[in-house]
Amino acid sequence: MKQRILTALGITAVVLPTFLYGGLPFKLVVFFFILTSLYEMYAVKKDIWPIWMYFLMVGLIILFAVLDLNSLYLGMIVLLMALFVITISFDWFTPLDVGYIYTLMILLTTALRAVFVAVSYGRIELLYILIATYATDTGAYFSGYFFGKHKLNERISPKKTIEGAIGGWLFGFLIGIAYAYFFVDRLPFEFMVLCSAIIPVVSQLGDLAFSSIKRYFNIKDFGTIFPAHGGVLDRIDSLLFSLMAFYILVGIML
């Protein structure tokens, strides 16, 4: 637990100032996480896939992040067709690989677009998503550690408990509302209450979703860059889903 806490504090000490400062440091941190996440996705199959697959993913993520919605929709159709062309052309790329890449490309594209949407309101609003997500993660960890007795989904994540999930939601909800009340002034408070109720649920879904991917590929972590936390994807899996939820809620309600 000590190593996990120290690593989390170290990440916060590096990331938080860049979010508050903005500008180039903020952009560098965002792209570091996106590009490293992409590499960790690629690394699962790096013994089979050529390196140009990674650079193709990088180029497409950057392109899809800045397209308008109509062009993005067309781009995703073209991408799907192109992935099947690769499947037909090379025996090292299977239909299951199509699903793997396509799903994660949509996920990362949506998350990056959500960052742009949140920042359009202000970095304080983006910081809200991080705080609500990691408050949930922290609440779930300690609730499960001290009170966990009933397994949440032993097939996918043997250590997670129902008590941890409930504690995570409660802590994330309360911290999210408190942060929104005192610091968020560019978005309606009623909207922030809804976000605070939904993000703790969705963030835990993201954690389980990536756990299922690791189970499928029979790996413990996506990487080793963060001691006791694993790779970048292991650290931001829940955040990616929180960003998607925020993106959807903004699109529907604002």
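Every number here is computed from the coordinates shown, using simple stated rules; none is lab data. Not measured: the values here are computed from a predicted model. Positions of Cβ are backbone-derived with ideal geometry, glycine not excepted, and every protein chain shown enters the neighbour counts.
Rank-order 40-48, 182-190 by packing density, defined as the average count of other C-beta atoms within 10 Å over each peptide's residues, highest first.
Working: 40-48: 16.2, 182-190: 12.7.
Going by the mean number of other Cβ atoms within 10 Å, highest first, we get 40-48, 182-190.
Once R0 is set to 45 Å, what does the formula 1/(1 + (r/R0)^6) return for the Cβ-Cβ distance between Leu63 and Phe147, expressed as a FRET efficiency to the nearest 0.05? Show your work: numbers first, answer last.
Numbers: r = 46 Å, r/R0 = 1.03.
Taking R0 as 45 Å, the efficiency between Leu63 and Phe147 is 0.45.
Determine, from the Cβ-Cβ distance of Lys159 and Phe189 and an R0 of 41 Å, the FRET efficiency 1/(1 + (r/R0)^6), rounded to the nearest 0.05.
0.70
Using only the Cα atoms of the range 79-193, build the gyration tensor, take square roots of its eigenvalues as a ≥ b ≥ c, and label the shape rounded, prolate or oblate: rounded if a/c is under 1.5, else prolate if a/b is larger than b/c, else oblate. Mind showing how you got there, number by number?
Working: a/c = 4.34, a/b = 1.37, b/c = 3.16.
The shape class here is oblate.
At 24 Å minimum axial length over the Cα atoms and a Kyte-Doolittle cut of -0.5, report the qualifying DSSP H helices in the chain, or say none.
Values: long enough: 2-21 (29 Å, 1.08); 23-43 (30 Å, 1.40); 69-89 (30 Å, 2.17); 95-121 (40 Å, 1.41); 123-147 (35 Å, 0.73); 162-183 (31 Å, 1.51); 189-217 (42 Å, 1.08); 232-253 (30 Å, 1.70).
Helices meeting the span and hydropathy rule in the chain are 2-21, 23-43, 69-89, 95-121, 123-147, 162-183, 189-217, 232-253.
Say we join alpha carbon atoms closer than 10 Å with springs in a Gaussian network model of the chain; which of Leu74, Leu38, Leu63 then has the biggest fluctuation?
Of the options given, Leu74 has the highest mean-square fluctuation.
Need the list of lysines near Lys151 for cross-linking: C-alpha distance under 18 angstrom, and skip anything on the same chain fewer than eight residues off.
The reachable lysines, counting only those whose Cα sits under 18 Å from Lys151, are Lys159, Lys160.
Divide, for the chain, the radius of gyration over alpha carbons by 2.2 N^0.38 Å, where N is the residue count.
Rounded to two decimals, the normalised Rg is 1.02.
According to the square roots a ≥ b ≥ c of the eigenvalues of the Cα gyration tensor, what is the shape class of the range 1-81, taking rounded for a/c under 1.5, prolate for a/b larger than b/c otherwise, and oblate for the remainder? All intermediate terms of the calculation are to be shown ahead of the outcome.
Numbers: a/c = 2.96, a/b = 1.48, b/c = 2.00.
Oblate.
Which net charge results for the neighbourhood of Val119, defined as the other residues with beta-carbon distances under 15 angstrom from its beta-carbon, given Lys and Arg at +1 and Asp and Glu at -1? The partial results should precede the final answer.
Values: positive: Lys27, Arg113, Arg123, Arg186; negative: Glu125.
After counting each charged neighbour, the total is +3.
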